[in-house]
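Written out below as C-alpha coordinates is the structure these notes cover.
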Amino acid sequence: MDRFVIEGGVPLRGRVFISGSKNATLPLMAAALLGDGPTTLFNVPDLRDTRTMADVIRYLGADVRFEDHVMVIDPKGFQNAEAPYDMVRKMRASIYVMGPMIAKLGRARVSMPGGCAIGPRPIDLHLKGFSALGAKIDIEHGYVVAEAAKLHGAEFSLSGAAGSSVGATCNVLMAAVLAEGETVIHGAAREPEVCELIAFLRKMGAKIEGAGERVLRVTGVQSLHGTEHTIVADRIEAGTFMVAAAITGGDIIIDNAPLDHMDAVVSKLHEIGARVEQVPEGTRVWGNRENYSPTNIQTWTYPGFPTDMQAQFMALLSLVPGVSIIRETIYVDRFLHAAELNRMGANIQVLNGMATVVGVPKLSGAPVMASDLRASAALVLAGLAAEGTTIINRVYHIDRGYESIEKKLASLGGKVERVSDSAPDEPLALEP
Ligand code: EPZ
(Lines give C-alpha, C1' and ligand atoms only; values in the text may rest on other atoms or scores of the structure.)
Protein backbone atom coordinates (compact mmCIF):
# COMPACT_ATOMS: atom_id res chain seq x y z
CA MET A 1 0.00 0.00 0.00
CA ASP A 2 1.71 3.22 -1.17
CA ARG A 3 2.05 6.37 0.89
CA PHE A 4 3.24 9.89 0.21
CA VAL A 5 5.98 11.62 2.22
CA ILE A 6 5.66 15.38 1.84
CA GLU A 7 8.05 18.10 3.09
CA GLY A 8 6.01 21.29 3.29
CA GLY A 9 6.86 24.97 2.93
CA VAL A 10 7.94 25.18 -0.72
CA PRO A 11 6.03 27.67 -2.94
CA LEU A 12 5.20 25.85 -6.20
CA ARG A 13 6.64 27.33 -9.38
CA GLY A 14 6.60 26.18 -12.99
CA ARG A 15 4.20 24.69 -15.54
CA VAL A 16 1.81 21.74 -15.27
CA PHE A 17 -0.30 19.86 -17.83
CA ILE A 18 -3.77 18.69 -16.78
CA SER A 19 -4.82 15.16 -17.76
CA GLY A 20 -8.12 14.21 -19.36
CA SER A 21 -11.26 14.37 -17.23
CA LYS A 22 -11.93 11.22 -15.18
CA ASN A 23 -15.62 12.07 -14.82
CA ALA A 24 -16.01 12.64 -18.55
CA THR A 25 -14.08 9.47 -19.48
CA LEU A 26 -16.06 6.98 -17.38
CA PRO A 27 -19.51 7.54 -18.96
CA LEU A 28 -17.95 7.76 -22.44
CA MET A 29 -16.31 4.35 -21.93
CA ALA A 30 -19.73 2.88 -21.09
CA ALA A 31 -21.39 4.72 -23.99
CA ALA A 32 -18.91 3.11 -26.42
CA LEU A 33 -20.77 -0.16 -25.74
CA LEU A 34 -23.81 1.29 -27.53
CA GLY A 35 -21.99 1.47 -30.88
CA ASP A 36 -22.08 -1.19 -33.60
CA GLY A 37 -18.39 -0.58 -34.20
CA PRO A 38 -15.19 0.38 -32.37
CA THR A 39 -14.66 3.73 -30.65
CA THR A 40 -11.31 5.45 -30.06
CA LEU A 41 -10.89 7.83 -27.11
CA PHE A 42 -7.88 10.17 -27.00
CA ASN A 43 -6.40 11.94 -23.95
CA VAL A 44 -7.76 9.25 -21.61
CA PRO A 45 -6.25 9.72 -18.11
CA ASP A 46 -4.25 6.72 -16.83
CA LEU A 47 -5.99 6.23 -13.47
CA ARG A 48 -7.13 3.40 -11.23
CA ASP A 49 -10.71 4.28 -12.13
CA THR A 50 -10.23 4.22 -15.91
CA ARG A 51 -8.39 0.90 -15.60
CA THR A 52 -11.16 -0.47 -13.37
CA MET A 53 -13.78 0.62 -15.90
CA ALA A 54 -11.77 -1.05 -18.68
CA ASP A 55 -11.82 -4.29 -16.68
CA VAL A 56 -15.60 -4.00 -16.20
CA ILE A 57 -16.14 -3.49 -19.94
CA ARG A 58 -13.85 -6.44 -20.77
CA TYR A 59 -15.84 -8.56 -18.31
CA LEU A 60 -18.98 -7.72 -20.29
CA GLY A 61 -17.32 -9.16 -23.40
CA ALA A 62 -16.07 -6.06 -25.21
CA ASP A 63 -12.43 -5.63 -26.22
CA VAL A 64 -10.52 -2.73 -24.65
CA ARG A 65 -6.98 -1.67 -25.55
CA PHE A 66 -5.46 1.18 -23.54
CA GLU A 67 -2.00 2.50 -24.27
CA ASP A 68 -0.36 5.88 -23.99
CA HIS A 69 -3.64 7.68 -23.14
CA VAL A 70 -5.41 6.21 -26.21
CA MET A 71 -8.25 3.74 -25.58
CA VAL A 72 -9.91 1.63 -28.27
CA ILE A 73 -13.17 -0.06 -27.27
CA ASP A 74 -14.66 -2.67 -29.61
CA PRO A 75 -18.16 -3.61 -28.40
CA LYS A 76 -18.50 -6.58 -30.79
CA GLY A 77 -18.35 -9.17 -28.01
CA PHE A 78 -20.58 -7.24 -25.60
CA GLN A 79 -23.07 -9.92 -24.47
CA ASN A 80 -22.70 -10.26 -20.70
CA ALA A 81 -25.43 -8.31 -18.90
CA GLU A 82 -24.06 -8.73 -15.38
CA ALA A 83 -21.79 -6.45 -13.32
CA PRO A 84 -20.92 -8.32 -10.09
CA TYR A 85 -20.62 -6.95 -6.55
CA ASP A 86 -16.83 -7.31 -6.48
CA MET A 87 -16.51 -4.96 -9.45
CA VAL A 88 -19.14 -2.39 -8.49
CA ARG A 89 -17.90 -2.10 -4.89
CA LYS A 90 -14.50 -1.01 -6.25
CA MET A 91 -15.99 1.84 -8.21
CA ARG A 92 -19.55 3.18 -8.09
CA ALA A 93 -19.32 4.49 -11.65
CA SER A 94 -19.43 0.86 -12.85
CA ILE A 95 -23.22 1.32 -12.75
CA TYR A 96 -22.86 3.41 -15.93
CA VAL A 97 -22.93 0.08 -17.81
CA MET A 98 -26.61 -0.37 -16.91
CA GLY A 99 -27.91 2.03 -19.56
CA PRO A 100 -26.03 0.33 -22.43
CA MET A 101 -26.94 -3.15 -21.10
CA ILE A 102 -30.66 -2.38 -21.03
CA ALA A 103 -30.58 -0.54 -24.38
CA LYS A 104 -28.51 -3.11 -26.30
CA LEU A 105 -29.07 -6.43 -24.50
CA GLY A 106 -32.57 -5.81 -23.11
CA ARG A 107 -31.52 -6.87 -19.63
CA ALA A 108 -29.12 -5.98 -16.80
CA ARG A 109 -28.08 -7.49 -13.48
CA VAL A 110 -25.90 -4.98 -11.67
CA SER A 111 -24.87 -4.98 -8.03
CA MET A 112 -26.28 -2.09 -6.02
CA PRO A 113 -23.33 0.25 -5.36
CA GLY A 114 -24.20 0.82 -1.68
CA GLY A 115 -22.72 3.66 0.33
CA CYS A 116 -19.15 4.92 0.50
CA ALA A 117 -16.91 7.33 2.41
CA ILE A 118 -18.75 10.43 1.15
CA GLY A 119 -22.34 9.31 1.66
CA PRO A 120 -25.16 6.83 0.89
CA ARG A 121 -24.92 7.20 -2.92
CA PRO A 122 -28.47 6.00 -3.87
CA ILE A 123 -29.43 5.12 -7.46
CA ASP A 124 -33.20 5.61 -7.21
CA LEU A 125 -33.16 8.27 -9.95
CA HIS A 126 -31.30 5.95 -12.34
CA LEU A 127 -33.97 3.29 -11.76
CA LYS A 128 -36.81 5.83 -12.06
CA GLY A 129 -35.56 6.75 -15.53
CA PHE A 130 -35.09 3.17 -16.70
CA SER A 131 -38.57 2.14 -15.56
CA ALA A 132 -40.11 5.23 -17.22
CA LEU A 133 -38.51 3.98 -20.46
CA GLY A 134 -40.24 0.63 -20.01
CA ALA A 135 -37.71 -1.50 -18.11
CA LYS A 136 -39.08 -3.85 -15.43
CA ILE A 137 -36.89 -3.25 -12.34
CA ASP A 138 -36.47 -5.62 -9.38
CA ILE A 139 -34.03 -5.62 -6.46
CA GLU A 140 -32.81 -9.14 -5.70
CA HIS A 141 -30.11 -10.11 -3.17
CA GLY A 142 -28.33 -6.77 -3.49
CA TYR A 143 -28.59 -6.65 -7.26
CA VAL A 144 -30.70 -4.50 -9.56
CA VAL A 145 -32.33 -6.76 -12.15
CA ALA A 146 -33.78 -4.99 -15.20
CA GLU A 147 -35.72 -6.53 -18.11
CA ALA A 148 -36.82 -4.62 -21.21
CA ALA A 149 -37.76 -6.33 -24.46
CA LYS A 150 -37.97 -2.89 -26.07
CA LEU A 151 -37.54 0.57 -24.56
CA HIS A 152 -40.04 3.30 -25.45
CA GLY A 153 -39.75 7.09 -25.16
CA ALA A 154 -41.23 8.82 -22.08
CA GLU A 155 -41.34 12.16 -20.28
CA PHE A 156 -40.08 12.27 -16.66
CA SER A 157 -37.97 14.21 -14.17
CA LEU A 158 -34.58 13.11 -12.80
CA SER A 159 -34.43 15.81 -10.16
CA GLY A 160 -33.90 14.43 -6.65
CA ALA A 161 -33.64 15.72 -3.08
CA ALA A 162 -30.16 17.12 -3.77
CA GLY A 163 -31.13 18.55 -7.16
CA SER A 164 -30.02 17.02 -10.46
CA SER A 165 -27.96 13.84 -10.70
CA VAL A 166 -24.93 13.57 -13.02
CA GLY A 167 -24.93 9.77 -12.92
CA ALA A 168 -28.65 9.32 -13.42
CA THR A 169 -28.71 11.79 -16.32
CA CYS A 170 -25.81 9.99 -18.05
CA ASN A 171 -27.08 6.48 -17.38
CA VAL A 172 -30.67 7.13 -18.46
CA LEU A 173 -29.52 9.08 -21.53
CA MET A 174 -27.53 6.03 -22.63
CA ALA A 175 -30.76 4.01 -22.58
CA ALA A 176 -33.02 6.68 -24.11
CA VAL A 177 -30.90 7.14 -27.25
CA LEU A 178 -31.94 3.66 -28.50
CA ALA A 179 -35.53 3.76 -27.15
CA GLU A 180 -38.41 3.90 -29.63
CA GLY A 181 -39.81 7.45 -29.91
CA GLU A 182 -39.33 10.73 -28.06
CA THR A 183 -37.94 11.06 -24.53
CA VAL A 184 -38.06 14.29 -22.51
CA ILE A 185 -35.88 14.42 -19.38
CA HIS A 186 -36.68 17.23 -16.93
CA GLY A 187 -34.28 18.19 -14.12
CA ALA A 188 -31.28 16.97 -16.15
CA ALA A 189 -27.77 17.61 -14.82
CA ARG A 190 -25.86 20.35 -16.67
CA GLU A 191 -22.29 19.43 -15.64
CA PRO A 192 -19.67 19.69 -18.42
CA GLU A 193 -19.22 15.92 -18.20
CA VAL A 194 -22.91 15.44 -19.13
CA CYS A 195 -22.50 17.84 -22.07
CA GLU A 196 -19.42 15.91 -23.19
CA LEU A 197 -21.41 12.64 -23.12
CA ILE A 198 -24.16 14.28 -25.20
CA ALA A 199 -21.61 15.52 -27.75
CA PHE A 200 -20.08 12.02 -27.88
CA LEU A 201 -23.47 10.27 -28.29
CA ARG A 202 -24.40 12.72 -31.09
CA LYS A 203 -21.13 11.82 -32.85
CA MET A 204 -22.30 8.18 -32.63
CA GLY A 205 -25.56 9.16 -34.37
CA ALA A 206 -27.82 9.88 -31.40
CA LYS A 207 -30.43 12.65 -31.60
CA ILE A 208 -30.29 14.77 -28.43
CA GLU A 209 -31.24 18.42 -27.92
CA GLY A 210 -30.70 20.65 -24.88
CA ALA A 211 -27.12 19.98 -23.77
CA GLY A 212 -26.37 22.17 -20.73
CA GLU A 213 -30.03 22.86 -20.10
CA ARG A 214 -32.41 21.41 -17.50
CA VAL A 215 -34.57 19.75 -20.17
CA LEU A 216 -33.12 17.21 -22.62
CA ARG A 217 -35.05 15.95 -25.65
CA VAL A 218 -34.03 12.62 -27.20
CA THR A 219 -35.34 11.07 -30.40
CA GLY A 220 -34.55 7.36 -30.34
CA VAL A 221 -32.63 5.82 -33.25
CA GLN A 222 -32.26 2.21 -34.41
CA SER A 223 -28.51 1.98 -33.91
CA LEU A 224 -25.34 3.94 -33.18
CA HIS A 225 -21.91 3.65 -34.79
CA GLY A 226 -18.45 3.87 -33.25
CA THR A 227 -16.61 7.20 -33.32
CA GLU A 228 -13.49 9.04 -32.17
CA HIS A 229 -13.33 11.59 -29.35
CA THR A 230 -10.71 13.55 -27.43
CA ILE A 231 -11.45 13.88 -23.72
CA VAL A 232 -11.51 17.43 -22.30
CA ALA A 233 -9.04 18.43 -19.55
CA ASP A 234 -10.12 17.63 -15.99
CA ARG A 235 -11.63 20.73 -14.36
CA ILE A 236 -11.24 19.23 -10.86
CA GLU A 237 -7.57 18.38 -11.35
CA ALA A 238 -7.05 21.89 -12.71
CA GLY A 239 -8.85 23.34 -9.68
CA THR A 240 -6.73 21.20 -7.37
CA PHE A 241 -3.51 22.59 -8.88
CA MET A 242 -4.88 26.14 -8.64
CA VAL A 243 -5.39 25.61 -4.92
CA ALA A 244 -1.89 24.06 -4.69
CA ALA A 245 -0.43 27.31 -6.04
CA ALA A 246 -2.62 29.43 -3.74
CA ILE A 247 -1.96 27.45 -0.54
CA THR A 248 1.84 27.38 -1.02
CA GLY A 249 2.05 31.04 -2.05
CA GLY A 250 3.44 29.91 -5.39
CA ASP A 251 3.17 31.06 -8.99
CA ILE A 252 2.37 28.42 -11.62
CA ILE A 253 1.18 28.17 -15.22
CA ILE A 254 -1.46 25.55 -16.06
CA ASP A 255 -1.05 24.70 -19.76
CA ASN A 256 -4.61 23.60 -20.49
CA ALA A 257 -7.07 24.54 -17.71
CA PRO A 258 -10.70 24.26 -19.00
CA LEU A 259 -11.48 27.77 -17.68
CA ASP A 260 -14.89 27.85 -19.41
CA HIS A 261 -16.07 25.27 -16.87
CA MET A 262 -14.39 26.79 -13.82
CA ASP A 263 -16.16 30.09 -13.10
CA ALA A 264 -17.29 29.14 -9.58
CA VAL A 265 -13.83 27.90 -8.57
CA VAL A 266 -11.94 30.85 -10.08
CA SER A 267 -14.27 33.44 -8.54
CA LYS A 268 -13.82 31.85 -5.09
CA LEU A 269 -10.03 32.01 -5.48
CA HIS A 270 -10.34 35.70 -6.41
CA GLU A 271 -12.61 36.31 -3.39
CA ILE A 272 -9.95 34.76 -1.12
CA GLY A 273 -7.23 36.90 -2.73
CA ALA A 274 -5.41 34.49 -5.02
CA ARG A 275 -4.97 35.53 -8.65
CA VAL A 276 -5.97 33.55 -11.74
CA GLU A 277 -5.18 35.09 -15.11
CA GLN A 278 -5.19 33.93 -18.71
CA VAL A 279 -1.69 34.56 -20.17
CA PRO A 280 -0.29 33.55 -23.59
CA GLU A 281 1.34 30.42 -22.11
CA GLY A 282 -1.87 29.24 -20.41
CA THR A 283 -3.48 30.07 -17.05
CA ARG A 284 -1.27 31.76 -14.44
CA VAL A 285 -2.20 31.17 -10.79
CA TRP A 286 -0.40 32.88 -7.95
CA GLY A 287 -0.98 34.23 -4.45
CA ASN A 288 0.45 35.33 -1.13
CA ARG A 289 -1.24 33.95 1.97
CA GLU A 290 -0.68 37.25 3.82
CA ASN A 291 -3.20 38.89 1.48
CA TYR A 292 -5.93 36.28 1.79
CA SER A 293 -9.43 36.85 3.25
CA PRO A 294 -11.94 34.29 4.55
CA THR A 295 -14.97 33.42 2.44
CA ASN A 296 -18.09 31.27 2.56
CA ILE A 297 -18.70 28.34 0.21
CA GLN A 298 -21.86 26.43 -0.58
CA THR A 299 -21.51 23.47 -2.90
CA TRP A 300 -24.18 23.11 -5.58
CA THR A 301 -24.89 21.47 -8.90
CA TYR A 302 -23.22 23.02 -11.97
CA PRO A 303 -22.63 25.86 -12.56
CA GLY A 304 -22.53 26.23 -8.74
CA PHE A 305 -19.40 25.54 -6.68
CA PRO A 306 -18.45 21.86 -7.30
CA THR A 307 -18.61 19.46 -4.36
CA ASP A 308 -15.45 17.83 -5.75
CA MET A 309 -13.50 21.00 -4.88
CA GLN A 310 -14.88 21.39 -1.34
CA ALA A 311 -12.13 19.46 0.47
CA GLN A 312 -9.33 21.27 -1.37
CA PHE A 313 -10.76 24.68 -0.45
CA MET A 314 -11.15 23.59 3.16
CA ALA A 315 -7.40 22.94 3.27
CA LEU A 316 -6.74 26.40 1.81
CA LEU A 317 -9.20 28.21 4.12
CA SER A 318 -7.73 26.47 7.19
CA LEU A 319 -4.71 28.81 6.71
CA VAL A 320 -6.70 32.00 6.00
CA PRO A 321 -7.07 34.32 9.05
CA GLY A 322 -10.72 34.76 10.07
CA VAL A 323 -13.76 32.48 9.91
CA SER A 324 -14.95 30.72 6.73
CA ILE A 325 -18.14 28.67 6.47
CA ILE A 326 -18.46 25.71 4.10
CA ARG A 327 -21.89 24.22 3.44
CA GLU A 328 -21.97 20.87 1.64
CA THR A 329 -25.37 20.37 -0.03
CA ILE A 330 -24.59 17.45 -2.39
CA TYR A 331 -23.01 14.92 0.02
CA VAL A 332 -23.74 16.14 3.53
CA ASP A 333 -21.22 13.68 5.07
CA ARG A 334 -18.34 14.73 2.80
CA PHE A 335 -16.17 16.06 5.66
CA LEU A 336 -13.87 13.16 6.60
CA HIS A 337 -10.91 15.36 5.64
CA ALA A 338 -11.77 17.86 8.43
CA ALA A 339 -10.62 15.54 11.23
CA GLU A 340 -7.34 14.81 9.45
CA LEU A 341 -6.73 18.51 8.80
CA ASN A 342 -7.35 19.16 12.49
CA ARG A 343 -4.63 16.61 13.28
CA MET A 344 -2.32 18.94 11.32
CA GLY A 345 -3.32 21.88 13.49
CA ALA A 346 -6.35 23.21 11.64
CA ASN A 347 -9.34 24.51 13.59
CA ILE A 348 -12.45 23.11 11.87
CA GLN A 349 -15.80 22.22 13.38
CA VAL A 350 -18.36 20.20 11.43
CA LEU A 351 -22.07 20.12 12.29
CA ASN A 352 -25.14 19.26 10.20
CA GLY A 353 -23.52 19.49 6.78
CA MET A 354 -21.66 22.69 7.62
CA ALA A 355 -17.98 23.24 8.46
CA THR A 356 -16.77 26.29 10.39
CA VAL A 357 -13.11 26.90 9.49
CA VAL A 358 -11.19 29.24 11.82
CA GLY A 359 -7.92 30.12 10.09
CA VAL A 360 -4.69 29.24 11.91
CA PRO A 361 -1.23 30.75 11.27
CA LYS A 362 0.32 27.42 10.38
CA LEU A 363 -0.29 23.71 9.87
CA SER A 364 2.21 21.15 11.10
CA GLY A 365 3.10 17.99 9.22
CA ALA A 366 1.69 14.75 10.63
CA PRO A 367 0.88 11.17 9.60
CA VAL A 368 -2.68 11.28 8.17
CA MET A 369 -5.09 8.84 6.53
CA ALA A 370 -6.70 9.30 3.12
CA SER A 371 -10.38 8.32 3.14
CA ASP A 372 -11.60 9.16 -0.36
CA LEU A 373 -10.33 10.75 -3.55
CA ARG A 374 -10.83 14.46 -2.91
CA ALA A 375 -10.12 14.22 0.83
CA SER A 376 -6.73 12.75 -0.13
CA ALA A 377 -6.12 15.71 -2.43
CA ALA A 378 -6.91 18.08 0.42
CA LEU A 379 -4.35 16.35 2.64
CA VAL A 380 -1.68 16.60 -0.06
CA LEU A 381 -2.37 20.34 -0.36
CA ALA A 382 -2.20 20.78 3.41
CA GLY A 383 1.06 18.82 3.51
CA LEU A 384 2.57 21.08 0.84
CA ALA A 385 1.83 24.12 3.01
CA ALA A 386 2.54 22.60 6.44
CA GLU A 387 5.74 22.97 8.44
CA GLY A 388 7.60 19.67 8.54
CA THR A 389 6.80 16.22 7.21
CA THR A 390 3.36 14.85 6.34
CA ILE A 391 2.85 11.15 5.64
CA ILE A 392 -0.34 10.26 3.78
CA ASN A 393 -1.34 6.60 3.94
CA ARG A 394 -3.60 4.73 1.46
CA VAL A 395 -2.78 6.94 -1.52
CA TYR A 396 -4.57 4.42 -3.77
CA HIS A 397 -7.54 6.73 -3.11
CA ILE A 398 -5.73 9.58 -4.87
CA ASP A 399 -4.49 7.34 -7.68
CA ARG A 400 -8.15 6.77 -8.58
CA GLY A 401 -8.55 10.32 -9.89
CA TYR A 402 -5.12 11.99 -10.29
CA GLU A 403 -2.52 10.72 -12.76
CA SER A 404 0.97 10.71 -11.17
CA ILE A 405 0.13 13.69 -8.96
CA GLU A 406 3.38 13.32 -7.05
CA LYS A 407 5.40 13.65 -10.28
CA LYS A 408 3.43 16.71 -11.38
CA LEU A 409 3.88 18.36 -7.97
CA ALA A 410 7.59 17.49 -7.90
CA SER A 411 7.96 19.11 -11.34
CA LEU A 412 6.64 22.30 -9.70
CA GLY A 413 9.22 22.05 -6.92
CA GLY A 414 6.98 20.29 -4.42
CA LYS A 415 8.74 17.84 -2.13
CA VAL A 416 6.44 14.83 -2.56
CA GLU A 417 7.79 11.30 -2.63
CA ARG A 418 5.82 8.06 -3.19
CA VAL A 419 6.94 5.24 -0.87
CA SER A 420 5.71 1.78 -1.83
CA ASP A 421 5.44 -1.21 0.46
CA SER A 422 4.27 -4.76 -0.05
CA ALA A 423 0.82 -4.51 1.63
CA PRO A 424 -1.98 -4.97 -0.99
CA ASP A 425 -3.94 -1.95 -2.17
CA GLU A 426 -7.26 -3.78 -1.73
CA PRO A 427 -9.79 -1.10 -0.72
CA LEU A 428 -11.06 -1.81 2.79
CA ALA A 429 -14.39 -0.04 2.38
CA LEU A 430 -16.88 0.60 -0.42
CA GLU A 431 -15.42 3.11 -2.87
CA PRO A 432 -17.13 6.29 -4.09
C1 EPZ B 1 -20.69 12.31 -10.04
O2 EPZ B 1 -21.13 11.34 -9.10
C3 EPZ B 1 -19.19 12.36 -9.91
N4 EPZ B 1 -18.63 11.04 -10.21
C5 EPZ B 1 -18.80 12.76 -8.49
O6 EPZ B 1 -17.38 12.89 -8.46
C7 EPZ B 1 -19.42 14.12 -8.19
O8 EPZ B 1 -19.13 14.47 -6.85
C9 EPZ B 1 -20.95 14.05 -8.39
O10 EPZ B 1 -21.25 13.61 -9.73
C11 EPZ B 1 -21.61 15.42 -8.20
O12 EPZ B 1 -21.07 16.33 -9.08
C13 EPZ B 1 -18.47 10.69 -11.51
O14 EPZ B 1 -18.79 11.44 -12.40
C15 EPZ B 1 -17.87 9.33 -11.76
P16 EPZ B 1 -24.86 12.53 -8.54
P17 EPZ B 1 -22.68 10.83 -9.13
O18 EPZ B 1 -25.69 11.42 -9.05
O19 EPZ B 1 -23.14 10.80 -10.52
C20 EPZ B 1 -28.06 12.13 -5.11
C21 EPZ B 1 -15.20 12.50 -7.69
O22 EPZ B 1 -14.65 12.87 -6.64
N23 EPZ B 1 -28.61 11.03 -5.90
O24 EPZ B 1 -24.79 13.81 -9.30
O25 EPZ B 1 -22.79 9.61 -8.32
C26 EPZ B 1 -26.71 11.79 -4.54
O27 EPZ B 1 -26.84 11.09 -3.31
C28 EPZ B 1 -16.63 11.97 -7.63
O29 EPZ B 1 -14.68 12.53 -8.83
C30 EPZ B 1 -29.85 10.51 -5.56
O31 EPZ B 1 -30.47 10.93 -4.59
O32 EPZ B 1 -23.38 12.03 -8.34
C33 EPZ B 1 -26.10 13.16 -4.33
O34 EPZ B 1 -26.58 13.72 -3.12
C35 EPZ B 1 -17.16 11.85 -6.21
N36 EPZ B 1 -30.36 9.49 -6.30
C37 EPZ B 1 -26.66 13.96 -5.50
O38 EPZ B 1 -27.80 13.24 -5.97
C39 EPZ B 1 -29.71 8.99 -7.41
O40 EPZ B 1 -30.25 8.07 -8.06
C41 EPZ B 1 -25.70 14.13 -6.66
O42 EPZ B 1 -25.28 12.83 -7.04
C43 EPZ B 1 -28.46 9.55 -7.75
C44 EPZ B 1 -27.93 10.57 -6.99
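The values are calculated or read from the model by the stated rules, or taken from the named source; none is laboratory data. Every value quoted in this text rests on a predicted model; they were computed, and no experiment measured them. Because the Cβ atoms are built from the backbone with ideal geometry, glycine has one as well, and the counts that use them run over all protein chains shown.
Computed values, structure above
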{"item": "Any hit, region 368-383, residues being more than 23 Å from the chain's Cα centre (by Cα) and not assigned by TED's automatic domain parsing to the domain that holds CYS116", "result": "no"}
{"item": "Residue in region 140-152 that is within 16 Å of the ligand (Cβ to nearest atom), among the aliphatic types (A, V, I, L, M), surrounded by 17 or more Cβ atoms within 10 Å (Cβ to Cβ) and over 27 Å from VAL215 (Cβ atoms) present", "result": "no"}
{"item": "Some residue of region 164-173 being within 16 Å of the ligand (Cβ to nearest atom) and modelled with pLDDT under 95", "result": "no"}
{"item": "Any hit, region 337-355, residues being away from the ligand (no atom under 16 Å from the Cβ), buried (at least 16 other Cβ atoms within 10 Å of the Cβ), free of Cβ contacts under 8 Å to residues at least 60 places away in the same chain and within 12 Å of ASN296 (Cα to Cα)", "result": "yes"}
{"item": "Given (1) within 16 Å of the ligand (Cβ to nearest atom); (2) touching a Ser or Thr at 6+ places or on another chain (Cβ under 6 Å); (3) at pLDDT 95 or above, index of the condition VAL380 fails", "result": "(2)"}
{"item": "Some residue of region 229-249 being over 19 Å from the mean Cα position of the chain (by Cα), outside any loop (DSSP other than H, G, I, E, B) and acidic (Asp, Glu)", "result": "no"}
{"item": "Elements of type strands (runs of 3 or more DSSP E) contained in region 1-115, each with 1 or more residues being assigned by TED's automatic domain parsing to the domain that holds VAL416 and more than 16 Å from the ligand (Cβ to nearest atom)", "result": "3-7, 13-16"}
{"item": "In region 78-100, the residues that are without any contact (Cβ under 8 Å) to a residue 60 or more places away in the chain and either within 15 Å of the chain's Cα centre (by Cα) or within 17 Å of ALA31 (Cβ to Cβ) (or both)", "result": "PHE78, ALA81, ALA83, SER94"}
{"item": "Matching entry among ALA189, ALA264, ALA257, ALA211 (being at negative phi and assigned to a helix (DSSP H, G or I))", "result": "ALA264"}
